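The values are calculated or read from the model by the stated rules, or taken from the named source; none is laboratory data. Keep in mind the model is a prediction, meaning the values are calculated, not measured. Heads up, the Cβs are rebuilt from the backbone with ideal geometry, glycines too, and the neighbour counts pull from every protein chain shown. Only protein heavy atoms, including side chains, enter the accessible area calculation; ligands, DNA and RNA are left aside. Shrake-Rupley method; radii C 1.70, N 1.55, O 1.52, S 1.80 Å.
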Amino acid sequence: VFKIEVLMSGRKHFVEKRYSEFHALHKKLKKFIRTPEIPSKHVRNWVPKVLEQRRQGLELYLQTVILENEELPKIFLDFLNVRHVPTLPKAESCG
């Protein structure tokens, strides 16, 4: 299980999921939005350093989905357990 932190609309969200859940999400998201590459499914060894690299890769994956898509599908918000995404006025959303 990987504990991931993402920043969305100025709020931190935490999610704890297995890699298989991230992979399933990726397959669903590809049908609706542009997605970055997901970290490789195969890991040669399970040493802490390798697992931390995978965790960071999954965190970057989620953060990239948020940054590259103006509207996020419900399946993505459900994955993060986010009920409501506050929308910022366009002038404030830059930076």
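Numbers below:
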| item | result |
| --- | --- |
| Most mobile of Asn69, Asn81, Asn45 in a GNM of the chain (Cα contacts under 10 Å) | Asn45 |
| The stretch 2-80 - accessible surface per residue (Å², probe 1.4 Å) | 69 Å² |
| For the stretch 2-80, fraction of C-alpha pairs farther apart than 16 Å, in % | 48 percent |
| Sites excluded, trypsin sites (Lys or Arg not before Pro) in DSSP loops with at most 11 other C-beta within 10 Å, longest stretch of the chain | 45-82 |
| The stretch 2-80: Lys pairs at Cα distance under 14 angstrom, eight or more positions apart or on different chains | 6 |
| Computed helical MRE - 222 nm, the chain, DSSP H runs ≥ 4 contributing -39500 (n - 2.57), nearest 500 | -13000 deg cm²/dmol |
| Sequence-separation-based contact order of the chain, relative, with Cα cut under 8 Å and 6+ spacing, percent | 34 percent |
